[in-house]
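Here's the structure, in structure tokens; my notes come after.
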Amino acid sequence: MIRLYPLARAHRGYEALLGDPEVEAVYIPLPNTMHAEWTIRALSAGKHVLCEKPLAMSTADAIAVAQAAASRQRHVAEGFMYRHHPQWQRVRTLLDEGAIGRLQSVSIFFGYNRPDPGNIRNRAELGGGGLYDIGCYAVSAARFAFADEPQSVSALMEHDPSLGVDVLTSALLHFRNGHATFTCGTRIVSQQRVVLSGAQAQISVERPFTPPADHACRLVLARDWYEGAAGRTEEALAGVDQYRLMVESFVRTVRQGPPSPTQLADSIANLEVIEAIARSAATGEVVPITCSSRAGATRQGST
């Protein structure tokens with residue numbers, strides 16, 4: 001069902017919109033290669049910005065965004081909507097309470113099958129490819145779970161020979177207290193899951209990233225496999241519109257000015273890891289990560 005909403009006004013182009021003094025903030029859902037450019041343009045015009053993930057195509061561009069935001073004293077948030085979902089806040093609580101013991105392993109799968117060459121996700125010149133489209137979620141979730149930055153990464157990657165975009169990436173992220181592994185693919189069965197394991201139990205997040213607003217999410221806490229049903233508890237969380245929660249959080253920050261729930265330091269660190277994954281896949285080497293000084297931004301969630 002398509003919903004139509006009345007528009008207060010329309011503009012003939014992005015520049016005209018940014019030139020409107022009554023526009024306080026903009027949302028940027030443009031192709032990946034245009035995120036940093038138009039975020040900086042919006043900041044230069046005095047606007048707050050909610051930018052679709054990834055914030056930029058490189059760490060250097062993300063740093064330029066952060067510098068522009070600081071210079072203009074405007075708020076920029078990266079659109080990782082999943083972190084605003086109550087299921088992830090519950091995961092954070094369970095981990096902090098020691099429900100599974102020390103977190104040792106995070107395993108993530110995120111895939112879909114979309115071979116259409118005209119799709120923006122399959123256009124290399126627009127920043128397409130699975131790593132930047134959905135692998136960014138896996139990197140973000142692993143960092144959020146460990147509340148830390150990985151020390152090194154190693155990865156394998158396959159590309160579409162005709163389109164030049166990555167279609168299958170698997171990576172190992174080495175944290176100080178454990179490992180995270182993920183596979184993301186764009187020519188693979190549409191599925192997603194996250195499993196977080198410790199010595200005492202395991203948490204399974206069944207629809208971790210894109211649950212529909214009317215979808216009741218379920219977290220499964222399982223102890224020793226040999227305990228069977230006796231060692232398994234399920235927790236249901238009512239469906240919510242995580243996109244709306246993200247926008248509401250963004251508006252609260254703009255209006256009230258509390259600490260940002262999605263720090264740009266976190267966005268920069270996420271891109272450092274993504275770039276390291278791509279470099280490891282290209283060279284076959286383990287690539288060290290240098291962003292450990294920013295550890296802690298990964299704990300940010302909704303407010």
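Values as computed for the structure displayed
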quantity: Test: residue in segment 76-98 that is in contact with a strand residue (DSSP E or B) (Cβ under 7 Å, 6 or more places away or on another chain), farther than 23 Å from Ser170 by Cα and of a type in the set (Gly, Ala, Ser); calculated: yes
quantity: Residue, nearest to Arg279 (Cα to Cα), within segment 108-143, restricted to residues that are touching a Lys or Arg at 6+ places or on another chain (Cβ under 7 Å) and among the hydrophobic types (A, V, I, L, M, F, W, C); calculated: Cys136
quantity: Residue pairs meeting the criteria (Cβ under 6 Å; at least 6 apart or on separate chains; first more than 14 Å from Ile268 (Cα to Cα) and in contact (Cβ under 8 Å) with a residue 40 or more places away in the chain, in segment 49-77; second hydrophobic (A, V, I, L, M, F, W, C) and surrounded by 21 or more Cβ atoms within 10 Å (Cβ to Cβ)); calculated: Leu50/Ala77; Leu50/Phe250
quantity: Residue in segment 147-166 that is closer than 30 Å to Asp214 by Cα and not β-branched (Val, Ile, Thr) present; calculated: yes
quantity: Conditions (1) surrounded by 14 or more Cβ atoms within 10 Å (Cβ to Cβ); (2) part of a loop (DSSP other than H, G, I, E, B); (3) free of Cβ contacts under 8 Å to residues at least 40 places away in the same chain: number failed by Val220; calculated: (2)
quantity: Condition met for Ala269 (under 18 Å from Ala145 (Cα atoms), in the same structural domain as Gly101 (by TED's automatic domain parsing) and either at pLDDT 95 or above or of a type in the set (Lys, Arg) (or both)); calculated: yes
quantity: Failed condition for Tyr226, given (1) modelled with pLDDT of 95 or more; (2) of a type in the set (Phe, Trp, Tyr); (3) over 17 Å from the mean Cα position of the chain (by Cα); calculated: (1)
quantity: Top-ranked residue in segment 77-113 [being charged (D, E, K, R) and loosely packed, with under 14 Cβ neighbours inside 10 Å; ranked as nearest to the chain's Cα centre (by Cα)]; calculated: Asp96
quantity: Within segment 89-188, strands (runs of 3 or more DSSP E) holding 1 or more residues that are aromatic (Phe, Trp, Tyr); calculated: 105-113, 166-175, 178-185
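Table: residues versus (1) in the same structural domain as Phe146 (by TED's automatic domain parsing); (2) modelled with pLDDT of 95 or more; (3) touching a Ser or Thr at 6+ places or on another chain (Cβ under 8 Å).
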{"site": "Val65", "(1), (2), (3)": "no, yes, yes"}
{"site": "Ala70", "(1), (2), (3)": "no, no, no"}
{"site": "Pro86", "(1), (2), (3)": "yes, yes, no"}
{"site": "Arg90", "(1), (2), (3)": "yes, yes, no"}
{"site": "Leu95", "(1), (2), (3)": "yes, yes, no"}
{"site": "Gly98", "(1), (2), (3)": "yes, yes, no"}
{"site": "Gln104", "(1), (2), (3)": "yes, yes, yes"}
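The values are calculated or read from the model by the stated rules, or taken from the named source; none is laboratory data. Everything numeric in this text was worked out from a predicted model, so none of it was measured. Cβ coordinates were reconstructed from backbone atoms using ideal geometry, including for glycine residues, and neighbour counts include every protein chain displayed.
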